[in-house]
Amino acid sequence: MAQAKLCPTEGSWKIDEVFQIDKELAFALPSPQENLPDKYAGWMCIAKNLPELIERDELRARVKEVPELSIDDLTEHKSQRLAHLALGYITMGYVWNKGDEDVRKILPRNIAVPYCKLSAKLGLRPILAYADCVLANWKKKDPNGPMIYENLDILFFFPGDGCDRGFFLVSLLVELAAASAIKKIPDLFNAMIKQDLVKCKDALRVIKSCQLDALEVFKQIHKHVDPTIFYNVLRTYLSGWKGSSLLPEGLLYEGVWDTPKQFSGGSAGQSSVFQCFDALLGIRHSDGSAAGFLQEMRTYMPPAHKAFLESLEKGPSIRKFVLSKGDRCLKDAYNECVGAMVSLRDYHLGIVDTYITKPAREKQKGKQDPEDSSNQSETENKGTGGTNIMTFLQAIRDSTKTFLLV
Ligand code: HEM
């Protein structure tokens, strides 16, 4: 790939080609593949029937029966992403099964070996990540119909009456709402290079309006995701094995590594959208643990998207440009984008309160045993990525605010 294309200051900067960013869908995988070659029918059959197999207590036995398959017949990117998604569902189901304390600390080699090989090939981690369950886990019901909630579905399900459909599809729609803003980024850089303030302001206004569209989409979560099911069921299946009290050492990937490995669970913190706007606007989070978490989440993104964020950070600073011009309207346009990030993060904090803090409190109220309640408060405070959530998310929201220009 030509070096010039990697730099936002080059007119030839093609974010779609170089960074695998689709014009309409941004970071989402366009038209994900839905079937694998017949050789992989065993994986697909388990992944497609996960809730029933868990319900009948048959999942773990079925997983052990699958032969250890080579990944050589997965030659295309889309088939690799589908296989990674299916193996991710199988792994989460195998480890957490019914969502009680009966967990598995060893992933059998027939799944672990191909899963880790595929992960290495794709540059992803061997755990179900946002790149799998949101970006590559969707289809249109009517192929000619629009990309709206009612015309979309997910490819695989966890137990929980379709709670995952709501969570994954609303996240996907947030990605799509942001896509028009991301498409505008090269224009913004070009305008900056040409010192064209009018075009700069226009580009910033388009970006702000897409951020606000994303905020509107965010609100759909209340219609499609039930807080009690999210908290008590889906969250378990998305949990990882980093900082986990049930798998304190992590998961042993049999036949791959001799010691257990710790990986964070699937979280929308692994979405590139928020981090892309931060990088573009020069918003840097200096709170140690929050900054560290966001950096770590990048390692769960597809490598091309991570490279895109790095390329934005290395490119010329929009923030410095705005500051240097002393133009009130330009500053307002920039501030409106930062303000939209604050609004998105504010709204997100409310979501976390509804979907984690409140149901956790309800559950705790129902508990009689004081020993259980100490466990519970640990769970209450942790997101699927393993963070102490409210403190962490407030710190990020507050540091975003400090980037408003006066
Ligand atoms: C039921 C809905 C949701 C809940 C309960 C929720 C919960 C959380 C939690 C607990 C974190 C902290 C990191 C972790 O430990 O995982 C987090 C981070 C994050 N979430 Fe969500 N989330 C929800 C929906 C979404 C959606 C739809 C998006 C957008 C696609 C999103 C974007 C983010 C981002 C970008 C972060 C990283 C922090 C930041 O940059 O502000 N979340 N979320």
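One residue is enough: does region 263-275 have a residue meeting the conditions touching a residue at least 40 places away in the same chain (Cβ under 8 Å), within 19 Å of SER239 (Cα to Cα), touching a His at 6+ places or on another chain (Cβ under 9 Å) and among the small types (Gly, Ala, Ser)?
Step one: list which residues in region 263-275 are touching a residue at least 40 places away in the same chain (Cβ under 8 Å), which gives 263-274.
Pick out the ones that are also within 19 Å of SER239 (Cα to Cα) and you get 263-271.
With the extra rule that they be touching a His at 6+ places or on another chain (Cβ under 9 Å), the set shrinks to 268.
Next, only the ones that are among the small types (Gly, Ala, Ser) stay: 268.
Yes: one or more hits.
Is it the case, given these coordinates, that LYS140 is farther than 17 Å from MET44 by Cα and modelled with pLDDT of 95 or more? Walk me through it before giving the result.
Values: farther than 17 Å from MET44 by Cα: yes; modelled with pLDDT of 95 or more: yes.
Criteria met by LYS140.
Can you report the number of residues in region 271-290 which are polar (S, T, N, Q) and more than 8 Å from the ligand (Cβ to nearest atom)? I'd like the intermediate steps shown before the answer.
Step one: filter region 271-290 for residues polar (S, T, N, Q), giving 271-272, 275, 286, 289.
Next cut, more than 8 Å from the ligand (Cβ to nearest atom) only: 272, 286, 289.
Residues meeting the conditions: 3.
All but one of (1) modelled with pLDDT under 95; (2) in contact with a strand residue (DSSP E or B) (Cβ under 8 Å, 6 or more places away or on another chain); (3) acidic (Asp, Glu) hold for ASP161; state the number of the condition that does not hold.
With respect to (1) modelled with pLDDT under 95; (2) in contact with a strand residue (DSSP E or B) (Cβ under 8 Å, 6 or more places away or on another chain); (3) acidic (Asp, Glu), ASP161 is out only on (2).
Test of understanding: among PRO227, PRO186, which residue is near the ligand (Cβ under 10 Å from one of its atoms) and surrounded by 16 or more Cβ atoms within 10 Å (Cβ to Cβ)? Lay out the reasoning, then the answer.
Values: PRO186 fails: near the ligand (Cβ under 10 Å from one of its atoms).
Every option except PRO227 fails the conditions.
Against the condition among the β-branched types (Val, Ile, Thr) and either near the ligand (Cβ under 10 Å from one of its atoms) or more than 21 Å from LEU128 (Cα to Cα) (or both), how does VAL256 come out, does it pass? Walk me through it before giving the result.
Details: among the β-branched types (Val, Ile, Thr): yes; either near the ligand (Cβ under 10 Å from one of its atoms) or more than 21 Å from LEU128 (Cα to Cα) (or both): no.
Answer is no for this residue.
Any idea how many residues of region 309-355 are touching a Ser or Thr at 6+ places or on another chain (Cβ under 9 Å) and more than 21 Å from ARG205 (Cβ to Cβ)?
Result for region 309-355: 1.
Restricting attention to region 57-96, which residues are out of contact with any helix residue (DSSP H, G or I) (no Cβ under 6 Å at 6 or more places or on another chain) and part of a loop (DSSP other than H, G, I, E, B)?
Result: ASP57, GLU58, PRO67, SER70, ASP72, THR75, GLU76.
I'm checking my understanding of the structure. Among residues of region 128-159 that are among the charged types (D, E, K, R) and surrounded by 15 or more Cβ atoms within 10 Å (Cβ to Cβ), which one is nearest to the chain's Cα centre (by Cα)? Break it down stepwise before answering.
At the first step, the residues of region 128-159 found to be among the charged types (D, E, K, R) are 132, 139-142, 150, 153.
Now restrict to residues that are surrounded by 15 or more Cβ atoms within 10 Å (Cβ to Cβ): 132, 153.
Working: ASP132: 8, ASP153: 17 Å.
Here the answer is ASP132.
Somewhere in region 263-277, is a residue under 16 Å from ILE318 (Cα atoms), of a type in the set (S, T, N, Q) and modelled with pLDDT of 95 or more?
Quick first cut of region 263-277, residues under 16 Å from ILE318 (Cα atoms) only: 275-277.
Filter once more, so that each one left must be of a type in the set (S, T, N, Q): 275.
Imposing the further condition that a residue be modelled with pLDDT of 95 or more reduces the set to 275.
The answer is yes, given that some residue of region 263-277 is under 16 Å from ILE318 (Cα atoms), of a type in the set (S, T, N, Q) and modelled with pLDDT of 95 or more.
Can you name the condition, by its number, that LEU252 falls short on among (1) in a helix (DSSP H, G or I); (2) of a type outside the set (S, T, N, Q); (3) touching a strand residue (DSSP E or B) at 6+ places or on another chain (Cβ under 6 Å)?
In the conditions (1) in a helix (DSSP H, G or I); (2) of a type outside the set (S, T, N, Q); (3) touching a strand residue (DSSP E or B) at 6+ places or on another chain (Cβ under 6 Å), LEU252 misses (1) alone.
Out of the residues in region 290-331 meeting the condition of being over 21 Å from LEU188 (Cβ atoms) and among the hydrophobic types (A, V, I, L, M, F, W, C), tell me which one is surrounded by the fewest Cβ atoms within 10 Å (Cβ to Cβ).
Step by step, filter region 290-331, then rank; the result is ALA291.
Please return the ranges of helices (runs of 4 or more DSSP H) entirely within region 289-386 where 1 or more residues are at pLDDT 95 or above and within 27 Å of LEU212 (Cα to Cα).
Ranges flagged: 303-314, 318-325, 328-352.
Specify the residue that is nearest to the chain's Cα centre (by Cα); the eligible residues are those in region 253-270 that are within 17 Å of TRP96 (Cβ to Cβ) and aromatic (Phe, Trp, Tyr).
Only one residue fits best here, namely PHE263.
Do the conditions hold for LEU344, that is, is it surrounded by fewer than 20 Cβ atoms within 10 Å (Cβ to Cβ) and in contact with a helix residue (DSSP H, G or I) (Cβ under 8 Å, 6 or more places away or on another chain)?
Details: surrounded by fewer than 20 Cβ atoms within 10 Å (Cβ to Cβ): no; in contact with a helix residue (DSSP H, G or I) (Cβ under 8 Å, 6 or more places away or on another chain): yes.
No: the conditions fail for LEU344.
Give region 48-79 a look and list any residue that's surrounded by fewer than 17 Cβ atoms within 10 Å (Cβ to Cβ), small (Gly, Ala, Ser) and in contact (Cβ under 8 Å) with a residue 12 or more places away in the chain, or say none.
SER70
Looking at (1) in a loop (DSSP other than H, G, I, E, B); (2) more than 12 Å from the ligand (Cβ to nearest atom), which is the one condition that is false for LEU135?
It is condition (2) that LEU135 fails.
The values are calculated or read from the model by the stated rules, or taken from the named source; none is laboratory data. Computed from a predicted structure; not experimentally measured. Because the Cβ atoms are built from the backbone with ideal geometry, glycine has one as well, and the counts that use them run over all protein chains shown.
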